[in-house]
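S.K.: Below you'll find the structure I mean.
Just so it is clear, none of the values below were taken in a lab; they were calculated from the coordinates. Computed from a prediction, not measured in an experiment: that's the story for all the values here. Don't worry about glycine lacking a Cβ; one is built from the backbone with ideal geometry, like all the others, and counts go over all protein chains shown.
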Amino acid sequence: MSNDLPAHARERLKGLRTSAHPSGVFTSDFSVNEFLLVRKAGFEPIGLCVGSCVYHVGIQYRSWSKNQELDVLSKAMYHARELAMSRMRAEAKAMGADGIVGVKLTIKRMEWDRHMLEFMALGTGVVHAAGHEGFRAHDGGPFTSDLSGQDFWSLLHSGYRPVELVMGSCVYHVAHRGMLSSLGTITRNIELENFTAAMYEAREIAIERMQAEAANAKAEGVVGLDIHEGSHSWESHVIEFFAVGTAVLPLHQEIAPEKIPDPMMVLSVND
């Protein structure tokens, strides 16, 4: 499937509120506070942007007793997310959005096949109220960010802007322990160094790949970094580490630290 939008997506986009269609409606997954703060930051929500990819994740054989990355699976997980992201971004571009705020990446296993996963990217397309194109991504398309509406406002208020949602994936096989080794430590408090090394290395690989994406996007840094772990119903001892965050740049050439406004303390009452 290419990035061409499905017929129903094109029909949905026609009904969104834009400068050319002021009688339309906007759609978003913002909370009330997010909606108000995004508008306060000078942006208008246009519509919900969705990208989906149903992907068959194959099998990779590995050594039972060896710590090793399953690079075929790592590439599959990254490629599937990239397809979902590109389709979400295509919807944002079609609606004339400058960027996408609050991007969520989810994975759901299809019940009819244990090797089939649906990857979905979801966020709200926004446009700068004054038509400022300096908020676009490095390739001229809509920026992407997983920041909440509140964090988006805080970032802009402090003189920075989001550039791109950056990510890195590593699917790793953690070696099994032999029977004798397991029996030798069953009654002892002891670090399992083999397991420690495997988990440490897998996380580092995922973060390194995310960091490389930020460098390619010409970003200054990454905020809101999170590391997700999941087995996605794979066999025992196989786990994915997924690093994701928002790459950012200053709005101006240089921002003096003393000019950055103090953050406001907010107590969330959300569930």
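S.K.: If you take the square roots of the eigenvalues of the alpha-carbon gyration tensor of region 47-128 and sort them as a ≥ b ≥ c, do you get rounded (a/c under 1.5), prolate (a/b over b/c) or oblate?
M.R.: Taking the square roots of the gyration eigenvalues as a ≥ b ≥ c, region 47-128 is prolate.
S.K.: Among Asp29, Asp151, Asp146, Asp4, what is the fewest-to-most ranking by other Cβ atoms within 10 Å? Could the numbers behind the result be given before it?
M.R.: Numbers: Asp29 16, Asp151 19, Asp146 25, Asp4 10.
So the residues, fewest neighbours to most, are Asp4, Asp29, Asp151, Asp146.
S.K.: Choose one of Gly96, Leu117, Phe35: the residue whose Cα lies farthest towards the positive end of the charge dipole of region 7-253 (beta-carbon charges +1 Lys, Arg; -1 Asp, Glu; about the Cα centre).
M.R.: Gly96
S.K.: Now for a separate question. Pull out the extension gain between Glu118 and Ala212, defined as 0.36 nm times the separation in residues minus the alpha carbon to alpha carbon distance; nm, one decimal.
M.R.: Values: separation 94, 0.36 × 94 = 33.84 nm, distance 2.58 nm.
Here the segment from Glu118 to Ala212 would lengthen by 31.3 nm.
S.K.: Return the aspartates and glutamates within reach of Lys218: Cα separation strictly under 13 angstrom, same-chain partners fewer than 8 residues apart disregarded; answer none if there are no such residues.
M.R.: Partners found: Asp139, Glu164.
S.K.: If we count every other residue with Cβ under 14 angstrom of Glu91's Cβ, Lys/Arg +1 and Asp/Glu -1, where does the sum land? Show your work: numbers first, answer last.
M.R.: Details: positive: Arg10, Arg12, Lys14, Arg87, Arg89, Lys93; negative: Asp4, Glu11, Asp29, Asp98.
Summing Lys and Arg as +1 and Asp and Glu as -1 gives +2.
S.K.: For region 7-253, list log₁₀ I(q)/I(0) at each q in 0.10, 0.12 Å⁻¹, using the Debye formula over Cα point scatterers of equal strength and ignoring solvent, two decimals each.
M.R.: So the normalised log intensities work out to -0.56, -0.74.
S.K.: Still on this structure, I have one more. If each of His252 and Ser233 carries a label point 7 Å out from its Cα toward its Cβ, how far apart are those two points in nm?
M.R.: 5.4 nm
S.K.: Let me ask something else. Run down the lysines and flag those whose C-alpha is under 24 Å from the C-alpha of Lys66, throwing out any fewer than 8 positions away in its chain.
M.R.: Reachable lysines: Lys75.
S.K.: Sequence neighbours fewer than 8 away in the same chain don't count; with that in mind, list the aspartates and glutamates whose C-alpha is under 20 Å from Lys40.
M.R.: Straight-distance partners of Lys40: Asp29, Asp98, Glu133, Asp146, Asp151, Asp262.
S.K.: By count of other Cβ within 10 Å, fewest leading, how are Trp234, Trp112 ordered? Can you show the working numbers first?
M.R.: Working: Trp234 18, Trp112 6.
By the 10 Å Cβ count, ascending: Trp112, Trp234.
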